[in-house]
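The values are calculated or read from the model by the stated rules, or taken from the named source; none is laboratory data. In this text, all values refer to a predicted model and were calculated from it rather than measured experimentally. Backbone-built Cβ (ideal geometry, glycine too); neighbour counts: all protein chains shown. With ligands, DNA and RNA removed, areas are computed over all heavy atoms of the protein, side chains included. Shrake-Rupley method; radii C 1.70, N 1.55, O 1.52, S 1.80 Å.
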Amino acid sequence: MATSIFGIATSGIAAARAGLATTAHNVANVNTEGFSRQHVVQTTPVPAYSGAGYLGAGVAVQTVRRAWNELLATQARAAESRATAAAELAARLRTLDDLVADPQAGLAPALQAFFGGLNELAAHPADSAARHALVARAEALAARLRGLDARMTELRARANRQIEESVAEVNAAAARIAELNRRILEAASVGARTQPPNDLLDERDRLLRALAREVGATAVAQSDGSLNVFVGGGGALVVGANAYRLAARPDPEWPQNVAVVLEAGAVPVALRAADLAGGRLGAIVEFRDTDLAGARAALGRIAIALAAQVNDRHRLGQDLDGAPGAAFFAVAAPQVAARATNAGDAELSATLADASALRASAYRVLWDGAAWQVERLADGTRWSFATLPQTVDGVTLALAAGTPAAGDSFRIEPTAAGAAEFALLVREPRRIAAALPIRAASAPANAGSATVAALAVDGPPPPDPNLAQTVTITFTGPNTFDVSGVGTGDPSGLAYTSGAPIRFNGWTLAIAGAPAAGDVFVVEANAGGIGDNRNALALAALQSARGIEAGAATYGEAWSALVGAVGSRARELQVNEEALGRLAAHAEADRQTLSGVNLDEEAANLLRYQQAWQASAKALAVAEALFATLLELGGR
């Protein structure tokens, strides 16, 4: 009996020691990230049979188990991944919103100042100070556009760098998870895989959460205790003890961007923002490819439309020296990039056809072997053409050289460089074409009440070669007239309807009132038109012209729409960030309720195991005393 009591007491001390050690381990790791509370699982050994029945054999420590639930852990990991992505995206949108919404550093003040300068020039076309002021304001507008684009380009470069950094973090976590898979298998193999290596399992779970904060990942438990990790809708990142890699490489379609590829096989798989949904990496890619690219394209569209339309109007005018107006601003050409993996040698060209029809989007042009497929990337709108050239959204696409192979694709960025390449070309104030190159007058001897109401130079440039040739219009009656002059063909007996325009040699003349037989009107070169402000007025009128979005918006409205869209998106993401943050906090709280260390509970456990130790030690002392008594009796 003494031996039995001795064994039972010894097993009790061993169990209490295991409980104390586990409780102390819990207390020590109360602040360790990802640590799961552990507890000792005790069981009773097989009892020994005696004539009086089965006598207990003490206690055995079956295992040390962590308080962990796969569902709660998966929910907390997924919620944290989504919350991290939302927070990252919201922070970047706030930066972009601060850039475009700044009332002083935004585009609106510079636009207003430029058109204000044109209005001042229209009021004082011969004034040197007004001309110098317009040049300065045009320079400031160009600098503002380039500055905004430079900040956006910097945001893109920063996003590219951070994509590379995030890819490195993902690879490091994946390698560590694969190593832990190996160590867990080795540790679990001791004791016929019945004892879980709790701390290694916690460390792997912690790394999974760190990985999920970087990229949306799915973990699948295997029967041997290892975890396989997948990204990008099924691409293997970790399989058992093997880790594969993400790589950040120049995008084969648009080398200015860094693309994320999964190197899990012979052919690397490109991962887009949708494939990386969840986590910091996916948010950075989404911001760069969607929000930032869209804002930069919209800014470039404003710059290109403004430059093209000001140029068209300015080239129809005449400067202080009587010379035709030149291009006022530099207009960026659409950018074209052939995919690096194209098999054919085709070269695609893109030229600006209609600045007012431009969209703030990139395009993908694909030759499928039978036709050209064009996709507007902003909204997925598609066109199919058997041949090129074709014009889409104000851009003419043409096959410049070579022959395409089936599957070859090209990326077209019509407006991406619009703001970056916006520059003032007319720097000499005398070269500003405030006047029109022609003028019209009625003969002093006219008997009718008709007068010159308006004379305009027809666009687009270049002007008609005979624009400045003298043309004489002679009315032979109130409803008929003859025309003479170079380039007109000298027609006679032309019908005239009151108020109807008269067009020849690239100009349009409007007459008010009723002409009489013998009335004469002359259109001629505007020699010495220093005080002429007609072209300056036409340039200033562009401020209210709806020259963007196929006549749907002015320049100011287009800028306000960009600011509003970015601001709305930033507010939407802020709300999303807050909501997903709360969901992540709740999911983590649920996990902590099960797995977290409660110091009050652990203190109670310390006391409980201490008392169990003391009681078992007392039983051991009794067994020792009984054994000593037996020895003493045996010695008599």
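Results, tabulated for the structure shown:
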item	result
Considering residues of the range 58-104 that are of a type in the set (A, V, I, L, M) and free of Cβ contacts under 8 Å to residues at least 12 places away in the same chain only, the residue nearest to Ala133 (Cα to Cα)	Ala91
Residues located in the range 304-354, provided they are over 26 Å from Pro465 (Cβ atoms), among the charged types (D, E, K, R) and either open to solvent by less than 30 Å² (accessible area, probe 1.4 Å) or not in a loop (DSSP other than H, G, I, E, B) (or both)	Glu347
Failed item in (1) among the polar types (S, T, N, Q); (2) touching a Leu at 6+ places or on another chain (Cβ under 6 Å); (3) surrounded by fewer than 17 Cβ atoms within 10 Å (Cβ to Cβ), with Thr629 passing the rest	(2)
Qualifying position, being at positive phi, open to solvent by 30 Å² or more (accessible area, probe 1.4 Å) and among the charged types (D, E, K, R), among Glu588, Glu557, Glu549	Glu549
Number of the exception - Tyr555 against (1) over 20 Å from the mean Cα position of the chain (by Cα); (2) in contact (Cβ under 8 Å) with a residue 40 or more places away in the chain; (3) closer than 24 Å to Ser81 by Cα	(3)
Hits in the range 221-237 (condition: farther than 10 Å from Ala264 by Cβ and over 24 Å from the mean Cα position of the chain (by Cα))	Ala221, Gln222, Ser223, Asp224, Gly225, Ser226, Leu227, Asn228, Val229
In the range 604-636, residue nearest to His39 (Cα to Cα) [restricted to those that are of a type in the set (D, E, K, R) and at pLDDT 80 or above]	Arg608
Residue among Leu211, Leu200, Leu207 that is of a type in the set (A, V, I, L, M, F, W, C), out of contact with any Gly (no Cβ under 9 Å at 6 or more places or on another chain) and outside any strand (DSSP E or B)	Leu200
Some residue of the range 264-275 being under 17 Å from Ala175 (Cα atoms), under 20 Å from the mean Cα position of the chain (by Cα) and at pLDDT 85 or above	no
Condition met for Ala283 (farther than 30 Å from Glu169 by Cβ and either part of a loop (DSSP other than H, G, I, E, B) or open to solvent by less than 20 Å² (accessible area, probe 1.4 Å) (or both))	no
Enumeration of residues in the range 417-430 that are within 21 Å of Glu253 (Cα to Cα) and part of a strand (DSSP E or B)	none
Failed item, numbered, when Arg313 is tested on (1) more than 26 Å from Ala525 (Cβ to Cβ); (2) touching a Leu at 6+ places or on another chain (Cβ under 7 Å)	(1)
Leading residue by the ranking (modelled with the lowest pLDDT) among those in the range 38-58 that are open to solvent by less than 40 Å² (accessible area, probe 1.4 Å) and under 24 Å from Leu606 (Cα atoms)	Gly58
For Thr290: the one exception among (1) assigned to a helix (DSSP H, G or I); (2) farther than 30 Å from Glu524 by Cα; (3) over 23 Å from the mean Cα position of the chain (by Cα); (4) of a type in the set (Val, Ile, Thr)	(3)
Filtered residue count, the range 231-258, keeping only those that are in a strand (DSSP E or B), farther than 24 Å from Pro196 by Cα and either acidic (Asp, Glu) or open to solvent by 50 Å² or more (accessible area, probe 1.4 Å) (or both)	3
Filter pass, Glu601 being farther than 23 Å from Arg66 by Cβ and at pLDDT 90 or above	no
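Yes or no, residue by residue, for (1) modelled with pLDDT of 95 or more; (2) crowded, with 20+ Cβ neighbours inside 10 Å; (3) out of contact with any strand residue (DSSP E or B) (no Cβ under 6 Å at 6 or more places or on another chain):
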{"position": "Phe521", "(1), (2), (3)": "yes, yes, no"}
{"position": "Gly529", "(1), (2), (3)": "no, yes, no"}
{"position": "Ala540", "(1), (2), (3)": "yes, yes, yes"}
{"position": "Ala545", "(1), (2), (3)": "no, no, yes"}
{"position": "Val566", "(1), (2), (3)": "yes, yes, yes"}
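Conditions (1) within 35 Å of the chain's Cα centre (by Cα); (2) closer than 30 Å to Pro109 by Cβ, marked per residue:
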| residue | (1), (2) |
| --- | --- |
| Ala133 | no, yes |
| Leu145 | yes, yes |
| Leu155 | yes, yes |
| Arg158 | yes, yes |
| Gln162 | yes, no |
| Glu165 | yes, no |
| Asn171 | yes, no |
| Ala178 | yes, no |
| Ala187 | no, no |
